[in-house]
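Since the structure comes first, as structure tokens, the remarks are kept for the end.
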Amino acid sequence: MRFSGVSAILLACMSLAGCSSSSGLADLMAQVQPPSRETTNSVTRPSSPVPSADVGPAVAEQQVPTISVETMPPAQMAMAAPMPVPMALLPPRPEPELPIPSAKPAAFVVPAKPSTGARPHGRGKIYGHRFRDAKPINFGKASPRALAVHGVDVSRWQADIDWPKLRTQGANFAFIKATDGGDHLDPMFRKNWRAAHEAGLKRGAYHFFYWCRTAGEQADWFIRNVPREPGALPPVIDVEYNGESSCKRRLSPETIREKMQVFMDKLERHYGQRPIIYTAPDFYRDNLQGAFPDYPFWLRAVAEHPSKVYPGRKWVFWQYSGSGLSQGVDGKIDLNVFHGSEDDWHRWVAAKSS
């Protein structure tokens, strides 16, 4: 069907009049509100602008065809100027067939350069044992060197640590002193916590239990100072006798286990992981034989294998030296090992992180 120039002009004017209505534009703008700047404690606003996504080349805007006055009869040329034809009056254009992309979607493309120390499926690199010992012990066939995954535990007494260097010497994990009692924070904890993670170590925090404070107070103090972070190792409760402590109390085994349970229950509820129990031979003999069978143990045994010092006790970590020497640390450092193979280690870490 063909329209005269006058009809086309009238239709175009009606269309333009409808689109330029001031009330319609005001209604549209009223719906556009600036984003709220309110946040909650669980939402952190990024410190730098979020980069925009690369969505590929922009699609060219469709040009609206015009009716040229050169094709009009002479009588209409004096009245009509070039005028866009409303889109509603144009015949539909066939959609072009889009080519099937040969590349895989970006979400499935493996990065060319994974992050430092990362392996497929999130498995960090395991460094072999290169530690020395100021007081070496011959453990015979039960030597900790036969196990694959070694680590350290540290506190303020190691001062400034070169964590990347320490890792290459065989420190694949670290337990870091955080708190003791209900009011003491290790002054190096925050620095060590951050630096160990940046160097690629798996790390966990430990609390030295003080027998003259309530268990609830100590749990609250630990929770206040140790962040709950994905991928961290379970928290540790360190229970032992300390001759240098101002607390000289010697509680009954039943009271000790009751206080430990209160502390561990509170940490497990907060961190979602069952705490590890660290202890030494004399304290274990007096208070913990046969207790807490469903908890992972970290045992100190610097002269003999744990199977001889703690008969019948299953363990996950063994502290086999208090006189270790390593590049990256001035002075001595405690040496530890995981009870299992490298694959066992990855499975254990994955289970604790899920």
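The values are calculated or read from the model by the stated rules, or taken from the named source; none is laboratory data. Note that this is a predicted model, so its numbers are computed, not measured. As a convention, Cβ positions derive from the backbone with ideal geometry for all residues, glycine included, and neighbour counts pool all protein chains shown. For the accessible areas, the whole protein counts, side chains as well, though only heavy atoms, and no ligand, DNA or RNA atoms are used. Shrake-Rupley method; radii C 1.70, N 1.55, O 1.52, S 1.80 Å.
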Only one of 164, 84 is closer than 29 Å to residue 332 by Cα and modelled with pLDDT of 50 or more. Can you tell me which? 164
Against the definition (open to solvent by less than 70 Å² (accessible area, probe 1.4 Å) and in contact with a His (Cβ under 7 Å, 6 or more places away or on another chain)), how does residue 237 come out, yes or no? yes
Would you tally the residues in the stretch 243-260 being open to solvent by 60 Å² or more (accessible area, probe 1.4 Å) and either within 28 Å of the chain's Cα centre (by Cα) or at pLDDT 95 or above (or both)? 3
Of all residues in the stretch 182-201, count the ones that are buried (at least 21 other Cβ atoms within 10 Å of the Cβ) and within 21 Å of the chain's Cα centre (by Cα). 5
For the stretch 110-126, check the following and say yes or no: at least one residue is modelled with pLDDT of 95 or more, closer than 25 Å to residue 342 by Cα, open to solvent by less than 80 Å² (accessible area, probe 1.4 Å) and over 21 Å from the mean Cα position of the chain (by Cα). no
Which residue, of 304, 254, is of a type in the set (Asp, Glu), touching a residue at least 60 places away in the same chain (Cβ under 8 Å) and either over 19 Å from residue 179 (Cβ atoms) or in contact with a Lys or Arg (Cβ under 8 Å, 6 or more places away or on another chain) (or both)? 304
Going by the conditions given, is residue 319 under 29 Å from residue 132 (Cβ atoms), in contact (Cβ under 8 Å) with a residue 24 or more places away in the chain and in contact with a helix residue (DSSP H, G or I) (Cβ under 6 Å, 6 or more places away or on another chain)? no
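Yes/no matrix, rows are residues, columns are (1) of a type in the set (A, V, I, L, M); (2) over 19 Å from residue 269 (Cα atoms); (3) in contact with a Pro (Cβ under 8 Å, 6 or more places away or on another chain):
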| position | (1), (2), (3) |
| --- | --- |
| 158 | no, yes, no |
| 185 | yes, yes, no |
| 191 | no, yes, no |
| 213 | no, yes, no |
| 216 | no, no, no |
| 228 | no, no, no |
| 243 | no, yes, no |
| 252 | no, yes, no |
Only listed residue being touching a Pro at 6+ places or on another chain (Cβ under 9 Å), open to solvent by 40 Å² or more (accessible area, probe 1.4 Å) and part of a helix (DSSP H, G or I), chosen from 352, 266, 308: 352
Unmet criterion (only one of (1) over 18 Å from residue 153 (Cβ atoms); (2) over 27 Å from the mean Cα position of the chain (by Cα); (3) not aromatic (Phe, Trp, Tyr)) for residue 269: (2)
Any residue in the stretch 128-147 that's in contact (Cβ under 8 Å) with a residue 24 or more places away in the chain and closer than 14 Å to residue 321 by Cα: show its pairings with residues that are open to solvent by 50 Å² or more (accessible area, probe 1.4 Å) and in a strand (DSSP E or B) at Cβ separation under 7 Å, as long as the two are six or more apart or on different chains. none
Would you check which residues across the stretch 311-343 are open to solvent by 70 Å² or more (accessible area, probe 1.4 Å) and farther than 18 Å from residue 155 by Cα and list them? 311, 312, 314, 339, 343
Across the stretch 164-181, the tally of residues that are crowded, with 18+ Cβ neighbours inside 10 Å and either part of a loop (DSSP other than H, G, I, E, B) or charged (D, E, K, R) (or both) stands at 8
Name the residues in the stretch 282-305 that are open to solvent by 50 Å² or more (accessible area, probe 1.4 Å) and part of a helix (DSSP H, G or I), would you? 282, 285, 286
List every residue pair whose Cβ atoms lie under 7 Å apart, where the two residues are 6 or more positions apart in sequence or sit on different chains, the first residue falls within the stretch 272-286 and is over 18 Å from residue 219 (Cα atoms), and the second residue, located anywhere, is part of a loop (DSSP other than H, G, I, E, B) and among the aromatic types (Phe, Trp, Tyr). 282/241; 283/241; 284/310
Pick from the stretch 132-149, criterion outside any strand (DSSP E or B) and in contact with a strand residue (DSSP E or B) (Cβ under 6 Å, 6 or more places away or on another chain), ranking: most open to solvent (accessible area, probe 1.4 Å): 135
